[in-house]
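Q: First the structure, which I've put down as structure tokens, then a few questions once you've had a look.
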Amino acid sequence: KAGVTQTPRYLIKTRGQQVTLSCSPISGHRSVSWYQQTPGQGLQFLFEYFSETQRNKGNFPGRFSGRQFSNSRSEMNVSTLELGDSALYLCASSLDMNTEAFFGQGTRLTVV
Amino acid sequence: QQQVKQSPQSLIVQKGGISIINCAYENTAFDYFPWYQQFPGKGPALLIAIRPDVSEKKEGRFTISFNKSAKQFSLHIMDSQPGDSATYFCAALNYGGATNKLIFGTGTLLAVQP
């Protein structure tokens, strides 16, 4: 069974640009969550989707948004990029609510 | 109240020794406590998890000890091996809240010396 797939693995963007990251969950999983990982702030929850509905949102500015499609694939978008947005963005896939989370390898975003 | 405090920040253990990482939480609504292991360039991988209705859970060389009254839990790695060198994160989740939102500790960088 394939794991969680995140694309692209690495990305370099310029301040002010926008970026879209993609996550394909494990087949059959309906819940997708996104996290931002930085050396200073650690792992912080961005948002959570279940059956195309956003269930939870973390404490991030409105520049961070996401969505989930009918096939459970998810995308997150960051607009007007800032240097501080440089981070590893991780997607976690869960079969259902209240079930184990499996993480992808992440997308390393560098904003210059 | 949503925080999970983790210590130590880094740990050096000799091969064959016991590695101990501690976490503490405030929110009594948390009812699921997983530990994740992360190697450089990889995403976190679930290692072991515990619910508060038990005080200890063991899987191979990995044991979670849970103290509900103190709101603390810890990971013990017995017979630590160089291959265990990684960053370890504790986490907490409110399953009763119908969410998969994990609150993570700050991480412990473990180095097991041969």
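The values are calculated or read from the model by the stated rules, or taken from the named source; none is laboratory data. Keep in mind the model is a prediction, meaning the values are calculated, not measured. Every residue, glycine among them, receives a Cβ derived from its backbone with ideal geometry; neighbour counts consider all protein chains shown. For the accessible areas, the whole protein counts, side chains as well, though only heavy atoms, and no ligand, DNA or RNA atoms are used. Shrake-Rupley method; radii C 1.70, N 1.55, O 1.52, S 1.80 Å.
Q: Tell me the total accessible area that A and B bury against each other, 1.4 angstrom probe, in square angstrom rounded to 100. Walk me through the numbers on the way to the answer.
A: Details: alone 6070 and 6220 Å², together 10670 Å².
About 1600 Å² of accessible surface is lost on pairing.
Q: Then there is this: Anything losing 20 Å² or more of accessible area from the isolated chain to the full protein assembly: pick those residues out of the stretch A:28-43, probe 1.4 Å, ligands and DNA/RNA ignored.
A: A:35, A:37, A:43
Q: While we're on this one: Hey, can you find the accessible area per residue of chain B for me, probe 1.4 Å, expressed in square angstrom?
A: Values: 5400 Å² over 114 residues.
Averaged over the residues of chain B, the accessible area is 47 Å².
Q: In the stretch B:36-55, what residues drop by 20 Å² or more of accessible area when the other protein chains are put back, versus the chain on its own? Use 1.4 Å, and skip ligands and nucleic acids.
A: Those residues are B:36, B:38, B:41, B:42, B:43, B:44, B:46.
Q: If you don't mind, there's one more thing I want to ask. Starting from the amide H of residue A:54, placed 1.01 Å from N in the peptide plane, find each other amide H under 5 Å away whose residue is 5 or more places distant or on another chain.
A: Here the answer is none, since no amide H 5 or more places off falls under 5 Å of that of residue A:54.
Q: In addition: Tell me, in nm to one decimal, what length is gained between residue B:76 and residue B:14 on full extension, where the rule is 0.36 nm per residue of separation less the Cα-Cα distance? Mind showing how you got there, number by number?
A: Details: separation 62, 0.36 × 62 = 22.32 nm, distance 1.42 nm.
That works out to 20.9 nm of additional length.
Q: Also, quick follow-up: Take the Cα gyration tensor of the stretch A:1-46, multiply each eigenvalue by 5, square-root it, and list the three semi-axes largest first, rounded to whole angstrom.
A: Over the Cα atoms of the stretch A:1-46, the semi-axes work out to 23, 15, 10 Å.
Q: Ok, one more. Given H placed 1.01 Å from N in the peptide plane, which residues other than close sequence neighbours of residue A:42 have an amide H under 5 Å from its amide H?
A: none
Q: Over chain A, with the other protein chains present, what is the accessible area per residue in square angstrom, probe 1.4 angstrom? Walk me through the numbers before you get to the answer.
A: Working: 5270 Å² over 112 residues.
Result: 47 Å² per residue.
Q: Moving on. Give the carbon-plus-sulfur fraction of the accessible surface of chain A in %, rounded to a whole number; probe 1.4 Å, heavy atoms of protein chains only.
A: Working: 2460 of 5270 Å².
Exposed carbon and sulfur together represent 47 percent of the surface.
Q: From the backbone phi of the stretch A:85-90, what are the Karplus-calculated ³J(HN,Hα) couplings (6.51 cos²θ - 1.76 cosθ + 1.60, θ = phi - 60°) in whole Hz, Gly and Pro given as x?
A: Couplings: 7, 4, 5, 9, 9, 10 Hz.
Q: Taking every pair of distinct Cα atoms and averaging 1/r, then inverting, what Kirkwood hydrodynamic radius in Å comes out for chain A?
A: Numbers: mean 1/r = 0.0723 Å⁻¹.
By the Kirkwood definition, the hydrodynamic radius is 13.8 Å.
Q: Rounded to a whole number, what is D in µm²/s for the stretch B:50-108 from Stokes-Einstein with the Kirkwood radius over alpha-carbon pairs (25 °C, 0.890 mPa s)?
A: Details: Rh = 13.0 Å.
Approximately 189 µm²/s, per Stokes-Einstein.
Q: Which percent of the accessible area of chain B is formed by carbon and sulfur heavy atoms (probe 1.4 angstrom)?
A: On the way: 2740 of 5400 Å².
Answer for chain B: carbon and sulfur cover 51 percent of the accessible area.
Q: Another one. Mind checking which of B:66, A:25, B:81 is farthest towards the positive end of the protein assembly as shown's charge dipole, using Cβ charges of +1 (Lys, Arg) and -1 (Asp, Glu) about the Cα centre?
A: My answer, from the dipole projection, is A:25.
Q: To continue, here is another question. On the first, second and third principal axes, largest extent first, how far apart are the outermost C-alpha atoms of the stretch A:67-112 in Å?
A: Between the extreme Cα coordinates on each principal axis of the stretch A:67-112 lie 37, 20, 15 Å.
Q: If the convex hull of the alpha-carbon atoms of the protein assembly as shown is projected onto planes in all directions, what is the mean projected area in square nanometres?
A: Details: hull surface 49.3 nm².
Projected area, direction-averaged: 12.3 nm².
Q: What is the distance in Å between the Cα centres of the stretch A:95-112 and the stretch B:1-35?
A: That distance is 21 Å.
Q: Next up: Based on the Kirkwood radius over alpha-carbon pairs, what value in µm²/s does the Stokes-Einstein equation return for the translational diffusion coefficient of chain B at 4 °C and 1.567 mPa s? Write out the running numbers ahead of the final one.
A: Working: Rh = 14.1 Å.
In µm²/s, the coefficient rounds to 92.
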